[in-house]
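Contents: one structure, followed by commentary.
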Amino acid sequence: MQLVVARVGRAHGIKGEVTVEVRTDEPELRLAPGAVLATDPASAGPLTIETGRVHSGRLLLRFAGVRDRNGAEALRNTLLIAEVDPDEAPEDPDEFYDHQLMDLDVVTVDGTEVGRITEISHLPSQDLFVVERADGSEVLIPFVEEIVTEIDLEEQRAVIDPPPGLIDDRAEIASARDAEEPAGGEKSAGGEGADGAGKSGSAGGSGEAGA
């Protein structure tokens, strides 16, 4: 299956390097020199990574055949897509690929049904589950160990212990937001997300996804 592992950012310098927004927990594997990646739009690729290095905390890549700043700028905002074995799993037991988490049923520790995961949102500070409730409203659940107590892939469920007000307040906000959208507005779909998501140590901590 195909997973988005990065998005190309701005050109860096004049020799064809680009900054990338990493969307994988395993950049050393997915974004290593020699890796051949599909792209969105498809017309931009496939792209073969020629070199990679970290500069000022950002990953810089150079692709085969891209030799100048103009070529690098032409790739801006291109999504980089890796082919991944659907049975493959991260080595860390607290990390999961997005496709493993999609469509899991979400229940509280006392068994109350909350909804179904429809999207994984990767933010700089943490990952969020976008959970659709039976009434169509959405709840945003931080993927942190204090709240998400268990991921059971065999039972296809995520167990949460939400703090007071998290579920009700978030549902009301989502419902209000949907009501304000103009007719015909599209919700973002949960198709090919980032490569992976992981629990962070606390609600304010950094997630494992590196997105």
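The values are calculated or read from the model by the stated rules, or taken from the named source; none is laboratory data. The structure presented is a predicted model; accordingly, all values stated were derived computationally and were not measured. Positions of Cβ are backbone-derived with ideal geometry, glycine not excepted, and every protein chain shown enters the neighbour counts. Note: accessible area is taken over every heavy atom of the protein model, side chains too, but ligands, DNA and RNA are not part of it. Shrake-Rupley method; radii C 1.70, N 1.55, O 1.52, S 1.80 Å.
Worth a mention:
- Subset of the range 115-160 [acidic (Asp, Glu), farther than 14 Å from residue 105 by Cβ and open to solvent by 60 Å² or more (accessible area, probe 1.4 Å)]: 135, 145, 146
- Top-ranked residue in the range 22-46 [being among the acidic types (Asp, Glu) and open to solvent by 60 Å² or more (accessible area, probe 1.4 Å); ranked as farthest from residue 73 (Cα to Cα)]: 28
- For the range 47-66, the condition of being among the hydroxyl-bearing types (Ser, Thr, Tyr), modelled with pLDDT under 90 and open to solvent by 20 Å² or more (accessible area, probe 1.4 Å) holds for at least one residue.
- Residue satisfying condition, being over 20 Å from the mean Cα position of the chain (by Cα), closer than 19 Å to residue 140 by Cα and of a type outside the set (A, V, I, L, M), within set 112, 118, 48: 112
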